[in-house]
Amino acid sequence: MEFDWSTGALADGLRCYRNQEFFLAHEYWESIWINCPQPEKTFVQALIQLACAFHHFQRSNLRGAASQLTASLRKLQNYSADFGGLEVAPLREEMGAWLLVLAAEEQRPYPPIPQVRRLLPPE
């Protein structure tokens, strides 16, 4: 299955995620996830869990954020560094940095929200 991140629910979800409207991003991506075949289905589910993690974070539910982030990262570990038109490797690194901060007992500054980046088209 080819993902098109420039139009439709995938693009709308990406726009919402980037605007930190995580619940809406989750809703858009879930509408795609329902009809996806594997392995794309699990990939989209990981993105949904990522959005859910930061929705929990916005609501000060750090335990929920860590749980969803962990589940998402576990799924994304099974995908190549670039999958579905996205840069997966840097996303995984940024998610890992968040998990370290969320697991720390002392209060630390939070890193930037992990970015979901589209792959650049080949020249």
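The values are calculated or read from the model by the stated rules, or taken from the named source; none is laboratory data. Everything numeric in this text was worked out from a predicted model, so none of it was measured. Every residue, glycine as well, gets a Cβ built from its backbone with ideal geometry; the counts of neighbours run over all protein chains shown.
Tabulated values for the structure
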{"read-out": "Selected residue (criterion: nearest to R15 (Cα to Cα)) from residues of segment 50-60 that are surrounded by fewer than 21 Cβ atoms within 10 Å (Cβ to Cβ) and at pLDDT 95 or above", "value": "H55"}
{"read-out": "Selection status of A65, out of contact with any Phe, Trp or Tyr (no Cβ under 7 Å at 6 or more places or on another chain), modelled with pLDDT of 95 or more and either assigned to a helix (DSSP H, G or I) or under 23 Å from S6 (Cβ atoms) (or both)", "value": "no"}
{"read-out": "Filter result for Y79 (touching a helix residue (DSSP H, G or I) at 6+ places or on another chain (Cβ under 8 Å), farther than 23 Å from Q45 by Cα and aromatic (F, W, Y))", "value": "no"}
{"read-out": "Segment 10-59, residues that are among the basic types (K, R) and assigned to a loop (DSSP other than H, G, I, E, B)", "value": "R59"}
{"read-out": "Of residues in segment 68-92 being touching a Phe, Trp or Tyr at 6+ places or on another chain (Cβ under 7 Å) and in contact (Cβ under 8 Å) with a residue 60 or more places away in the chain, the one surrounded by the fewest Cβ atoms within 10 Å (Cβ to Cβ)", "value": "G85"}
{"read-out": "Pair list, Cβ < 8 Å and 6+ apart or interchain, from segment 12-31 residues that are touching a residue at least 40 places away in the same chain (Cβ under 8 Å) to residues that are part of a loop (DSSP other than H, G, I, E, B) and of a type in the set (V, I, T)", "value": "L14/V116; Y17/V116; R18/V116; Q20/I113"}
{"read-out": "Given (1) in contact with a helix residue (DSSP H, G or I) (Cβ under 6 Å, 6 or more places away or on another chain); (2) crowded, with 18+ Cβ neighbours inside 10 Å; (3) modelled with pLDDT of 95 or more, number of the condition L102 does not satisfy", "value": "(3)"}
{"read-out": "Residue check, Q115 polar (S, T, N, Q) and either closer than 16 Å to R18 by Cα or in contact with a strand residue (DSSP E or B) (Cβ under 8 Å, 6 or more places away or on another chain) (or both)", "value": "yes"}
